[in-house]
Amino acid sequence: MGKPLGVGVVGVGNISGQYFENIPKLTNLKLIGVADLDVERAKKVAAAQGVQAFTVQEIYTAPNVDVILNLTLPQSHAEVTLKALQNGKHVYLEKPFALTMEEARPVIEYAASNNLRIGCAPDTFLGTGIQTSKYLLDNGAIGGAFAASAAWSAPGHERWHPSPQFYYLNGAGPLFDMGPYYLTALVTLLGPVVNVIGNTTRSNRERKIHTGDLAGTRIAVEVDTHISAILTHASGAQSTIMVSFEIWGSKLPTIEIYGTKGTISVPDPNRFSDPAFLFTEEEPEWKEVKPLAGYVDAGRGFGLSDMATAMEENRQHRASGELGLHVLEIMEAILKSGNGSARELIKSKVQPSSLVLLAQPTIAD
């Protein structure tokens, strides 16, 4: 293995803690420093991590930073990613890739024309849960896969998040917040999507923050909060998805894949290591499947580590910018279709990712 990739983090909000926990375990990554618009917060986090606190402008030009880990709010994703690329840095960013395809295309085009890498969350599909499901599919455990269903619901993030207003702004809502986990899993398992039909709505109930210093504050809702869609995959398979901030309780499964000879119950795509379950014509009862593929004990940051390995091996990384762009186009098309248009065609292409062998080659002791 060569020199570890120097990582500079922009944005040290809620999600950053999970990355800080995992980066020291990954031998091909080295945390160099952090930056945030809240300078004092950046200094506090930098001290806790034993790294340098940069200003947002400084981190783009720091010579020992090879890749910017973009953990800003979705409204800033495209701007921060493009600035990093323009300063010669590779980028790995949290989902979604951008708010719209219009702002995303110049970013992906700039990276391609300047031989720079973009990786995009979620990387949960690299864990043993979804990779084991992919292994089962690839090896014919349920025959030919022809359909799938996916569902996620909650009454709203305001019940636990201390500052949840951004979840109800354009570029968020249940589709842009939780949809990427489920859509990335469906694309990983069934292949790219070629068209969608969407339906969207919202209730008129009042939203208030439940916890923290802002408890009791009303939340303005700018987005639809209950979304469903039918997806047609290039393989011919059809999948359905429902994501909602409107449901108080549900027993719906997260993802099921239906084949000609059985069904796979795919674990929660917001997690890395939950087990898959298999029900087949030959054995018509649910059986837990031991891990057969995927990064063991994975967590956020493994997609960036996979990108670093791919750079060294001169191959495509799995949690790629192209995959993030494809998922973004699917979400944008669902909303457009849900607002009155007919079936929406998906123009972006993404190559199926290779299976992750059951191993943990980049984990430090």
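With the cut-off at 1.5 for a/c, could you classify the chain from its C-alpha gyration tensor as rounded, prolate or oblate? Taking the square roots of the gyration eigenvalues as a ≥ b ≥ c, the chain is oblate.
The calculated FRET efficiency for THR217 paired with VAL56, based on their beta-carbon distance and R0 = 22 Å, is about 0.20. Give the residue from ILE334, SER149, PHE277 lying farthest towards the positive end of the charge dipole for the chain; charges sit on Cβ (+1 for Lys and Arg, -1 for Asp and Glu) and the dipole is referred to the Cα centre. The listed residue farthest towards the positive side: ILE334. Taking the Cα centre of the chain as the origin and placing charges on Cβ (Lys, Arg +1; Asp, Glu -1), which of ALA237, GLY303, ILE209 is farthest toward the positive end of the dipole? The residue sitting most towards the positive pole is ILE209. Exposure proxy shown here: for ASP224, ASP213, the number of other Cβ atoms within 10 Å sets the order, fewest to most, as ASP213, ASP224. Couplings 3J(HN,Hα) of segment 203-219, computed from phi: 8, 9, 6, 6, 9, 9, 6, 9, 10, x, 5, 9, 3, x, 5, 6, 10 Hz, in residue order, whole Hz [Karplus 6.51 cos²θ - 1.76 cosθ + 1.60, θ = phi - 60°; x for Gly and Pro].
By the rule of a C-alpha distance below 29 Å, with chain neighbours fewer than 8 residues away ignored, the lysines paired with LYS208 are LYS95, LYS251, LYS336.
Residue order for ASP274, ASP38, fewest other beta carbons within 10 angstrom first, comes to ASP38, ASP274. Over the residues of the chain, the helix contribution to mean residue ellipticity at 222 nm works out to -9000 deg cm²/dmol, using -39500 (n - 2.57) for each DSSP H run of at least 4. Under 20 Å of direct C-alpha separation, and excluding same-chain neighbours fewer than eight residues apart, LYS349 reaches these aspartates and glutamates: GLU102, GLU103, GLU109, ASP123, GLU322, GLU329, GLU332.
Dipole size of the chain about its Cα centre, with +1 on Lys/Arg Cβ and -1 on Asp/Glu Cβ: approximately 280 debye, rounded to the nearest 20. With the charge dipole of segment 1-65 set up from +1 on Lys and Arg Cβ and -1 on Asp and Glu Cβ about the Cα centre, the Cα lying farthest toward the positive end among the listed residues ASN14, GLN57, PRO4 is that of PRO4.
Counting only DSSP beta bridges whose two residues both lie in the chain, roughly 55 percent are antiparallel. Comparing LYS95, LYS134, LYS208 in a Gaussian network model of the chain where C-alpha atoms under 10 Å apart are linked, the largest mean-square fluctuation is found at LYS208.
Which whole-Hz couplings ³J(HN,Hα) result when phi for each residue of segment 313-320 is put into the Karplus expression 6.51 cos²θ - 1.76 cosθ + 1.60, θ = phi - 60°, listed in order with x for Gly and Pro? Those phi angles translate into 8, 6, 10, 6, 7, 7, 7, 8 Hz.
FRET efficiency for the LYS290 to THR240 pair, using the beta carbon distance and R₀ = 35 Å, is estimated at 0.75. Neighbours of PRO352, meaning other residues whose beta-carbon lies under 14 angstrom from its beta-carbon, give a summed charge of +2 when Lys and Arg score +1 and Asp and Glu score -1. I want to make sure I understand the PRE zone here: with the label point 7 angstrom from the Cα of ASN64 toward its beta carbon, which residues in segment 1-27 have backbone N atoms less than 16 Å away? Residues passing the 16 Å test: 3-9, 24.
For the pair GLU282 and LEU252, a Förster radius of 22 Å applied to the C-beta separation gives a FRET efficiency near 0.25, rounded to the nearest 0.05.
For LEU37 and ARG159, the difference between the fully extended length at 0.36 nm per residue and the C-alpha to C-alpha distance is 41.3 nm. Ordered by the count of other Cβ atoms within 10 Å of each Cβ, fewest first, SER133, SER244, SER149 give SER149, SER244, SER133. The distance from the alpha carbon centre of segment 187-265 to that of segment 7-22 is 26 Å, rounded to a whole number.
Values in this text are rule-based calculations from the coordinates and carry no lab data. These numbers were taken from a predicted model, which means no experiment stands behind them. For neighbour counting, all protein chains shown are included, and Cβ atoms are generated from backbone atoms with ideal geometry for every residue, glycine included.
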